[in-house]
Every structure is written in structure tokens, then in C-alpha cells.
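Peer 1: Take this structure, written in C-alpha cells, and hold onto it; I'll ask about it next.
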Amino acid sequence: MESQKTKNRKESEEDFDDNPTGSMSTVLVDKEEIDDHFDYEAIDGIIESSGRILKEIQNKYNYLSKNDIKQVTISLNEALSDVFPILEEIDERILEGIIFAKERKATNLIPILQAVQEHFDYLSKMTMKRISEYLDLSLNEVYSVATFYTQFKYEKPGEHQITLCSGTACFVKGGNILLDAAEKHLNIKSGETTEDRMFTLETVSCMGCCALAPAVMIDDEIHGHLKPSKLIKLLQKTRKGGS
Amino acid sequence: MPTIKIDGIDFDSPPGWTVLEVARFLGLDIPTLCHYDGLEPWGACRLCLVEVFDANGSKLVSSCTHPVSEGLDIKTATKRVIKTRNMVLELLISECPSSKVLQDMASKLGLNRVRIAPKWKDCILCGLCVRVCEEQMMAGAIQFGNRGQHLEVSPPFDIKSDLCRQCGACMQICPVITLRCDGADAATVLCNGCYNETQPSCADEFDSYDCWMGLKGECGTCYQVIETKKEE
Amino acid sequence: MCEGLGCGGSKPGMNELRESLIQAVDLHNLSDDVKVDFTGCHGFCQKGPIVVIEPEGTFYTHVKPKDANAIIKQHFIKSEPVKRLLYKDAETGKYIQNYDEVPFYKNQQRIILRNCGHINPEKIEDYISEGGYKALQKSLCDYEPLEVIEEIKKSGLRGRGGAGFSTGMKWSFCRQSPGEPKYIICNADEGDPGAFMDRSILEADPHSVIEGMIIAAYAMGATKGYIYVRAEYPVAVRRFRIATEDARINRFLGENILDTNFSFDIEIYEGAGAFVCGEETALIASIMGKRGNPVPRPPYPTTTGVWGKPTSINNVKTFATVPVIINRGAEWYSSIGTEDSKGTAIFALTGKITNSGLIEVQFGTTLREIIFDIGGGVPNGYEFKGVQTGGPSGGCLPASLLDLPVDYKNMAQSGSILGSGGMIVLDNNDCMVKLANYFLNFIQEESCGKCVPCRVGVKAMYDILQRIIDGQGEMEDLDLLEELADTVKLASLCGLGQTAPNPVLTTIKYFRDEYISHIVDKSCPAKECQALIKFAIDEGLCTGCTICFQSCPTHAIIGRKGERHTIDPLRCTQCGICEASCPSKAIIKLDRCEMEKVVLV
């Protein structure tokens, strides 16, 4: 058992080295909520190492990208799955951790929804129900507030996020043609996910990098001054790189 | 007590009243749709617009939400108000021509054309059902979802909510649920306008309104009866 | 020595550039003399990534990671600038070495952006060494709260969020309103497409905003502040969070600020993607965790705001200006600008312009000076057609108004607004009808949908414009469009709807002939409306590279590699992908008259 634990920890550390990331996950797992048969030390170890790596990256680059955090979620899940027996239970624990970390008042609804989406990439009915229970709201109210804001999604997004800027500067420089090209290439409409769950296509009103117009964000990287043919090549490259 | 001037009438209004309340108190007619006594003012339908005059000119405000304040100068039926109000009603009818409430209002206000392509929707999103469910029935079983063009009234995930007690208040209050009479030609956007005072009415036949119901030719029934008798 | 990395995290390869600069410094053993540091946006985004060597201010543009070694070696060891990376003046062809002499910067007056590009936004020491937090000290120790409000009133500062309401008046309303505690909100929900100045300020100089907020709180007697930032700006949120923590450590925020009995703290609130939340009442609803539906005013937020308490909502730029006014006095500030608009304005210059970026000029500067002297005019030899100001709430001004001095009054008279300060320059390839249609589409997506004029009226206007673009418009449509626009403007509940028809009204006012040619001649003068044009390939220019062939989604292009290509008009859907992809610009657009000519030939 002892050796197993150290091995786990080592593996998890290596994981983090590959994806140099950290996470806000230190708040995710509430100790009191975990039953006795869970291995505290291993959990602590994983969290400690993730925190340490987080600090290193922060010092080195002064910046943590969303992709980094996303990757850490995956590796954290993997690492924790050794400790927790059932994957769903981890999700539940993490969800509780995220929700309980915020103060229990109805006005915290949007920050909680944001934190949950940051972690799970989307809001499922189950998560929304849990949030409504915690905040003493009806599911209606949570749903009503969440659907008002475009940030929230209710379906699991694809592996790669393609975000096209549809700001005015991008529009006058041919952003609509770019969108047309991407829609036709991927055979989906804006806001949808491809059938193979590789790409989710989205538009945003402005990314604030109008000097790069027309601009497209693929995952977390912004590509500027794009032509349709170049965008399609980028998409093909992303598809290859991902699979 | 704030003194206000409404359509030229000086009035000492009790504090906390809205312009609409003052107007109704004085018997001035302001059409409303999303306003309902007993529900919080919502100010969304924009049919209750009135013109407020101040030093910088004038602007249109919704009377159901505008609180009275000292020296307020209001006119309820200026040309600008009527023109804008009719256009708003035109927009509403183009959304949902099958509503009796809207059609009656159109006849009353003398709206005689709709230039916008009709959508034949079932809901005008006035919010009355949502508000009555939450404020009077204390259930909150239906809510607004999404926004903008995709705004809808629905329970979450389109599944009937546990909170619904099937009291029927939403149906009772809905202005669209009462269908207009289809008349001869169901496809027209505006119905024949039984309310419409511009159409030939009984006064043409009898020189004056002599109605046992106290109407002034709005119903048009007598006229139609006379016409059919003539034809026979 | 300092180095500026323009446009922060928004450009790919930024981290690599910094890494390679650090490596180059180490390589040449210069780490004692040269310090590689990063700053916020310099504003000259067109030329990014930018590296500035301070204190002398050598200005390098388009720096790539592989250039790092050359810069360090040539600049520091040989003491001569790397010529190929310097800014090249397009007219004279001369290389300009110094930062301040570049025409883009020379013609500006940077007050709000004073520190942007000069300090490291994540270090409070940098801000303090530039005179930061002096204004706070001055107002807390030397002024009574009412005197601060008086000073701001005297300076003539008007809200930079768009409406231009007097800031001093707003503060005094809020102070006079009964109810405790009072709140202040910094509105950084900058959703206007084409405007990015709030983001730049938050990323480059967050402390100036914090200082402005503390002074405002002191003046109004507020104890709690919120800043509402768009969630699309993660870097701004992160830097602002660091800045508030630093300020707390330095006792500028928290209990008993600077050992006085005044306490104040700021909470960061991330928006969740709703343009309408830039509207005051919607923003308050959003902070309270509700749907961002605007509510009719009055009651104004200054009497009934967050949690029903008096609340003052000001823009990022307004707060960033406050410390300067306190430091240098109201008289100095009111000496800048015009009669009714004091101080400076920030514009995000984008679109068809040579030097796009963020600029700050004093009020009263003409559009010509902004677009041609600072912006460098329209590139690629096209003709200037108009400029769209103020985002979806603003209007399009034609070339005939180029000599209009920019201030609140003139802009309002011309039918546009100053708004957030986005300025999108258009050339003769831009169709005004399509642009108006674009803005209406934006509004109908972003509208909350509560009130009828905005939800149904804007949609109706959008449908009419779509008909005109599709070549099915009639002259009556134009009258209906104007009538609808008036209704939406007068009857809408909030500022979003009330200003939504501006792009339509101004384009009809100044470019009416363009609408008429769409409706009567069924032709688009700018050749942008897909239903009114046809694509063809100029055989003289086509090199047969097959790029268009590959990118055409409907396989309408015929031709082998190396041979001239042709377009099958039956299959072509006029999507324009081939035109945008063609490297030799061989694909041409024909309008109706030209089509007829081609058929005749």
C-alpha cells in the first residue's frame, strides 16, 4: 500500500510536469466531506504537487492560460481516480467543493455557475440542481439566470474550441466570410459541435484585438489576419494534432 | 404631496403613485398591456407611453413605472405619443395577430394597417404569466429563458416544473389565449375591427347613437343587421 | 532599462519572445545592466509585438523571438539600433528611432493612458514611482469629501461611458441620497465590438483605476466598490486582482486607509457574456445575481442601486482620469478640450486604417487629424468613405464631416455618439447597408428581449434591411424603416434600444443614395451584398495556383493546376471565400451594370 501511494504520487507529479499546470483545485476537495476510507495522504500529495507546479509556472511565465487549467483538470481527474474508486463520485465531490467554497447566498449564483463551468466545461441539469439546492433557489431561477448569459453552455463542448471574432473591425475585414468558410468546412452552424466532438464553433462579439482583424481563437491561441484558406489549413492541422 | 400637471390638470398626487395611477384616478385613458393591478410594474410593453416635458425638451416614458415627482409635466396623448404607441401596437400585432386583446386595442386606437410581415406566434412575451405565478401564486413555476430573439417563457429544460400546482392563473391572465373572432377572412392580420370607429356605424343610419348598451357604434352589429336586411 | 510587450497575452508567441530576450541578455552577460520587463498595451497594436528600450525610448516594431539576440547584441554591445526593426514612416521612408517622434504618438495627448506601456502593471512600486497614489493621499489628507466633488465638478469631467453625464453631478447626487451604505461600481463591461480601451487600461494600469475608485468612494462616503469586468478579458481580471491585493498590502484598500478613519474595499465581479449588462440597471441586476434585465429609470441608481442603496456607476476611463485631476488641479484639466467637453478622449482606431491601435487626443481634435495624421489614412490606395463611431449605438459619419471637431455636442448633433470610443474606418469597399444590417443583427442578438420596441422593432428593421440587401427592397421600405427607427428610439426601455437605430438613421441620412441604388437599381456600389454581385476570374491575373479551387465549398471553380480557372455561375453561391483566399487578387466582383456588359460582350 505504501509503495502504491508513493508510486501514485510520482506518477501524478510526472503528469503535471508534462502539462505544466496548476489549478485552483486546492479548494475542491473538502476534507470533512470525504469518508474515512479515502486516502487523505494521497489526495494531499496530489494537491500539494499541483499547487507547487502552479506556483512555478506562475513565476516563470507570469500567466496561466485556460488551456493549462483545462489540462490540469484532466490530469487531476486521472490522479484522483486512483484514490477515489468511482469517477462519478469524484465529479460529485469536486462539484460540492466548488459550490461550498462560495458563500451561501443567492447573489453568488453567477460566480458559482462560472466556477462550475470553468471546471466541467458545461452545466448539466444535475449540477444546476445541486446549485439550486445549495442556494435555496428553485431550479427555475437558476435556469432562467443561466440562460440569460451567453457564457454558459448546456452541452459538452467539443475537444477544440474555435471562436471567431465577429466584431465590427473583423466584420469589415471579412470576418463573415471566414465564418462562412468555417461553417461549410466543419458542416455545422455557429454554436454547434461537430458530430465527432472534435470542434465547437462559436462567435464572440469582440475579442479586443481589432488590430489583428479578422481574428480567430483556436483553443487559447489567437490567429490574426486570416484568410479562409489559411483558416481551413489551421483547422486541418488542429484536427491532425488532436487525433 | 407632489404637485404634478397631467394633460393640463394640476393635481396633488399622493406620494409614491405612478403616473398611470394618477391618470386612471382622473379618468384619463392610457392603454396598457403588461400592467396588471396587483403585480409589480414591469414596463415592457411600452403601450402606456406618455410624454414628459422638462427644461431640456421632452421624452417618452412608460407611465406604469414612472413615479410622480414635484413639478412633473405630463401629456398623455400628444401626437408623438400616439404615433409611437400605434407603431408599438403594430409591432405587437405583427407578432401575434390571433390575440383578441391586441385586436380590440387596435380597433380602439384606430390602427388600420400593419406593414410588418405577420409572424403568427403564440406568445408576445409580456411577462404577465411569469409575474402572476411568482408574485401572486408564490410558485415561480415558469420563468423567462434565454434572451433577445430567443427569449421564451418556459420551465427549465422544457420539463414541467414540480412547483406548478396547475392553478391556471397563467392561463387566466394571458392576453393571447383569448382568440380573436376569425370573421370572414382568417388570413388578414387585422380583424374586421368591431371596435373600429372609422367604419360605417349605426350613426350613419339613425343620425345619432341610440344604443341600449350605451355604445357609440363600436360593435357594428346594428349596421351589419341593417346591411343584411337591405340585401335581402 | 525597461521593455514593453505590446498587446500582452493576445499575440501568440509572446512568452517565447520574453524568454528569448531573457536568454539573449544572459548570453551576453548583461543581466546587471539590462532588465527585461513587461508592460501593458502601448496602443500601437498594428506594429506589435513592440519592444521599447528605456530610458532613451528606442521603439522596435514587429519583433519576433528570433530577433531578440540581434536587438540585445546590436543595441547594447554595439550601441546602435537595429534598423530593420525600427518604425518606418510610410510617407518619407525614413526610419524613426525614438518613441515620441513616431507620428502615431507625436500627435496624441496621453492623460488617461499616461502609464500604459511605461510601467509593469503587476508591480505597485512602478505605479507609485510614477506618482501613483499621491492623489489619494492629497484628497484624504487635504480635502474634505465635498471639496473633492467640487474639484471634479469644476474640472468639467464627463462620464466616459458614452452618455457623457457630468461625473461631479453624479457623485453629489449619490452623496446627497439618503441610505447607507453607499456603493460605487466601476463599469468595465466593455462589450462594444471594436472598442478595447477599458481592457487596455485594466491590463496596463490597473492601479490608476483603483486609485480613482478610492477617491470617488471617499468623496461619496461609499464603503464598498464593485468592478464589473467582462469574462472575455481574463488577463484584465487577473491583473486587476493582483493590483487590488497589492493595494491592500500597501494599505490603500481595506480598513482605515492611510491611517485615516476611512475604509473601503473593492470586489471583482466577472460578467458572463451579456452586452446589455453595460447598461446601469442591468449591470446592477447582474451583480445581484439576477437576469440582466434593465428596469426603467427613474428611480436612478444614484438613489436606488445595488441592494436598493445609492450607487454611483462610472466607467473605467472616468476613474482613471480622477487621480490626474486631483494631482494637477481642476483648472489645468478644464483648460484642455472644448467648451462643453473637457479633457481628452480615447479612441480605438480600427478597420481600414494604416495604424490601428489605441489613441488619446484632446476634445476638439477633428476627425481628419485623428484618421489621417495619427491613423495614417486608409491603406492600399482605397478611398476613405466614412467612419463608424461609438459601436452599435453610434453612427456612420461621411467624408464631408471629416473636419468636425470631436466632442459630445458635435457628435450628438451629427446623429452619432461618442460612446465607448470605438472608431471603425471604412473605405469604398464597405457597403453601408450591410454595415447597418450587421449592427442590427448584433443588437437583436444582444438585446435582453424585455421590451417590445427593442425585441420586435429591431428585428423588423433587420428583416427590412435583409430584404434590401437581397435585392428585394422597395422604396416604401425606406419610409417604414425610418418610422420604425424613430419608434425604437423613442419607446425603448433602456439605452441599448434607444440608441440601437443610430447606425440605420445615420446611414440613411448620409448615404441615402446607396440605399436607393440597392432598392431601385438592385446594385451594391461597394460590391459587398452577395445577392447583387457575381464573381468572375480575371484571366490576366490568374496564375492557376488552385487555392480557390480547393477552398470553394460548392466546387464551383473549374480549372487545372497552372491553367486559368473559371467560375461556374450556376454553382457559385457568392460566398466570397475564393476572393478572400486568392493570393494574386485575380477574383473580381461584378455589379449589375458590369454583369450586363459582360453578357453583351
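Peer 1: Which one is farthest from the chain's Cα centre (by Cα), of the residues in segment C:250-302 that are of a type in the set (S, T, N, Q) and crowded, with 18+ Cβ neighbours inside 10 Å?
Peer 2: Filtering first and then ranking leaves C:T302.
Peer 1: Just to be sure, is C:G395 in contact with a Ser or Thr (Cβ under 7 Å, 6 or more places away or on another chain) and more than 14 Å from chain A (Cβ to nearest Cβ)?
Peer 2: So C:G395 does not fit the description; no.
Peer 1: Let me confirm something: among B:R115, B:R85, B:R147, B:R46, which residue is more than 26 Å from C:R291 (Cβ to Cβ) and facing another protein chain (nearest Cβ under 7 Å)?
Peer 2: Unique residue meeting the criteria: B:R115.
Peer 1: Do we find a residue being out of contact with any Ser or Thr (no Cβ under 9 Å at 6 or more places or on another chain), assigned to a loop (DSSP other than H, G, I, E, B) and at the interface with chain C (Cβ under 8 Å from one of its Cβ atoms) anywhere in segment A:151-172?
Peer 2: Scanning segment A:151-172 turns up at least one residue that is out of contact with any Ser or Thr (no Cβ under 9 Å at 6 or more places or on another chain), assigned to a loop (DSSP other than H, G, I, E, B) and at the interface with chain C (Cβ under 8 Å from one of its Cβ atoms).
Peer 1: Moving to a separate point now. Restricting attention to segment C:211-268, which residues are within 14 Å of another protein chain (Cβ to nearest Cβ) and not in a helix (DSSP H, G or I)?
Peer 2: Passing the criteria: C:K224, C:Y226, C:I227, C:Y228, C:V229, C:R230, C:A231, C:E232, C:Y233, C:E267, C:I268.
Peer 1: Determine, yes or no, whether C:L440 is at pLDDT 90 or above and within 14 Å of chain B (Cβ to nearest Cβ). Can you show your working first?
Peer 2: On the way: at pLDDT 90 or above: yes; within 14 Å of chain B (Cβ to nearest Cβ): yes.
Criteria met by C:L440.
Peer 1: A further question on this structure: Identify, from the list B:S13, B:S107, B:S58, the residue that is among the hydroxyl-bearing types (S, T, Y), in contact (Cβ under 8 Å) with a residue 60 or more places away in the chain and not assigned by TED's automatic domain parsing to the domain that holds B:M137.
Peer 2: B:S107
Peer 1: Name the residue, out of C:G449, C:G497, that is without any contact (Cβ under 8 Å) to a residue 60 or more places away in the chain, in a loop (DSSP other than H, G, I, E, B) and either buried (at least 24 other Cβ atoms within 10 Å of the Cβ) or within 28 Å of the chain's Cα centre (by Cα) (or both).
Peer 2: Numbers: C:G497 fails: in a loop (DSSP other than H, G, I, E, B).
Exactly one residue qualifies, and that residue is C:G449.
Peer 1: Continuing with the same structure: In segment C:269-321, which residues are in contact with a Pro (Cβ under 9 Å, 6 or more places away or on another chain), assigned to a helix (DSSP H, G or I) and β-branched (V, I, T)?
Peer 2: C:V276, C:T281, C:I284
Peer 1: Can you name the number of the only condition in (1) within 30 Å of C:G422 (Cβ to Cβ); (2) at pLDDT below 75 that C:P55 fails?
Peer 2: Result: C:P55 fails condition (1) only.
Peer 1: Would segment C:303-316 turn up any residue that is crowded, with 21+ Cβ neighbours inside 10 Å, more than 25 Å from C:S139 (Cβ to Cβ) and β-branched (V, I, T)? Break it down stepwise before answering.
Peer 2: Start the filter on segment C:303-316 by keeping residues that are crowded, with 21+ Cβ neighbours inside 10 Å, which leaves C:305-306, C:310-316.
Restricting the remaining residues to those that are more than 25 Å from C:S139 (Cβ to Cβ) gives none.
No, segment C:303-316 has no match at all.
Peer 1: Is it the case, given these coordinates, that C:D26 is out of contact with any strand residue (DSSP E or B) (no Cβ under 9 Å at 6 or more places or on another chain), at pLDDT 75 or above, assigned to a loop (DSSP other than H, G, I, E, B) and not hydrophobic (A, V, I, L, M, F, W, C)?
Peer 2: Working: out of contact with any strand residue (DSSP E or B) (no Cβ under 9 Å at 6 or more places or on another chain): yes; at pLDDT 75 or above: yes; assigned to a loop (DSSP other than H, G, I, E, B): no; not hydrophobic (A, V, I, L, M, F, W, C): yes.
Judged against the criteria, C:D26 is not a match.
Peer 1: Further question on the same structure: Across segment C:413-437, what is the total count of residues that are under 28 Å from C:E360 (Cβ atoms), of a type outside the set (A, V, I, L, M, F, W, C), out of contact with any Leu (no Cβ under 8 Å at 6 or more places or on another chain) and surrounded by fewer than 24 Cβ atoms within 10 Å (Cβ to Cβ)?
Peer 2: The total comes to 3.
Peer 1: Checking the condition in contact (Cβ under 8 Å) with a residue 24 or more places away in the chain and more than 27 Å from C:E445 (Cβ to Cβ), which residue from B:C167, B:C129 passes?
Peer 2: Criteria check complete, one pass: B:C167.
Peer 1: OK, next. Among the residues in segment B:75-82, are any aliphatic (A, V, I, L, M), under 16 Å from the mean Cα position of the chain (by Cα), more than 13 Å from B:C126 (Cβ to Cβ) and part of a loop (DSSP other than H, G, I, E, B)?
Peer 2: Yes.
Peer 1: State which residue pairs qualify: first residue outside the structural domain of C:M197 (by TED's automatic domain parsing) and inside segment C:306-318, second residue surrounded by fewer than 24 Cβ atoms within 10 Å (Cβ to Cβ) and part of a loop (DSSP other than H, G, I, E, B) in any location, beta carbons under 6 Å apart, and separation of 6 or more residues or different chains.
Peer 2: none
Peer 1: Still on this structure: Just give me the residues in segment A:178-202 being in a strand (DSSP E or B) and surrounded by fewer than 19 Cβ atoms within 10 Å (Cβ to Cβ), in sequence order.
Peer 2: If the condition is that a residue be in a strand (DSSP E or B) and surrounded by fewer than 19 Cβ atoms within 10 Å (Cβ to Cβ), then A:E202 is the only one that fits.
Peer 1: Any idea which of C:G419, C:G390 is of a type outside the set (D, E, K, R), within 14 Å of chain A (Cβ to nearest Cβ), closer than 29 Å to C:A580 by Cβ and touching a residue at least 40 places away in the same chain (Cβ under 8 Å)?
Peer 2: C:G390
Peer 1: Let me ask something else about it. Scan segment B:83-104 and give yes if some residue there is more than 19 Å from C:C494 (Cα to Cα), without any contact (Cβ under 8 Å) to a residue 24 or more places away in the chain and not assigned by TED's automatic domain parsing to the domain that holds B:Y36, otherwise no.
Peer 2: Yes, segment B:83-104 contains at least one residue that is more than 19 Å from C:C494 (Cα to Cα), without any contact (Cβ under 8 Å) to a residue 24 or more places away in the chain and not assigned by TED's automatic domain parsing to the domain that holds B:Y36.
Peer 1: Can you tell me which residues in segment C:187-226 are within 20 Å of the chain's Cα centre (by Cα) and among the charged types (D, E, K, R)?
Peer 2: Within segment C:187-226, C:D189, C:E190, C:D192, C:D198, C:R199, C:E203, C:D205 meet the criteria.
Peer 1: Does any residue in segment A:217-236 that is more than 10 Å from every other protein chain (Cβ to nearest Cβ) and at positive phi come within less than 8 Å, Cβ to Cβ, of a residue that is surrounded by fewer than 19 Cβ atoms within 10 Å (Cβ to Cβ) and part of a helix (DSSP H, G or I) six or more places away or on a different chain, and which pairs are these?
Peer 2: Once the first residue is more than 10 Å from every other protein chain (Cβ to nearest Cβ) and at positive phi and sits in segment A:217-236, its partners that are surrounded by fewer than 19 Cβ atoms within 10 Å (Cβ to Cβ) and part of a helix (DSSP H, G or I) give A:D219/A:N67; A:D219/A:T238.
Peer 1: Return the residues of segment C:202-241 that are modelled with pLDDT of 90 or more and among the β-branched types (V, I, T); say none if nothing qualifies.
Peer 2: C:V209, C:I210, C:I214, C:I215, C:T223, C:I227, C:V229
Peer 1: B:R131 versus (1) at pLDDT 85 or above; (2) in contact with a helix residue (DSSP H, G or I) (Cβ under 8 Å, 6 or more places away or on another chain); (3) crowded, with 18+ Cβ neighbours inside 10 Å: which is the lone unmet condition?
Peer 2: (2)
Peer 1: Output the number of the condition that B:K160 fails; it satisfies all remaining conditions of (1) over 14 Å from the mean Cα position of the chain (by Cα); (2) closer than 20 Å to B:W42 by Cα; (3) more than 7 Å from every other protein chain (Cβ to nearest Cβ).
Peer 2: For B:K160, the exception is condition (2).
Peer 1: Taking only segment B:163-183 into account, find how many residues are outside any loop (DSSP other than H, G, I, E, B) and either surrounded by 12 or more Cβ atoms within 10 Å (Cβ to Cβ) or within 14 Å of chain A (Cβ to nearest Cβ) (or both).
Peer 2: Selection size over segment B:163-183: 3.
The values are calculated or read from the model by the stated rules, or taken from the named source; none is laboratory data. Predicted model, so just to flag it, every value in this text is computed and none were measured. With ideal geometry, Cβ positions are generated from the backbone for all residues, glycine too; neighbour counts draw on all protein chains shown.
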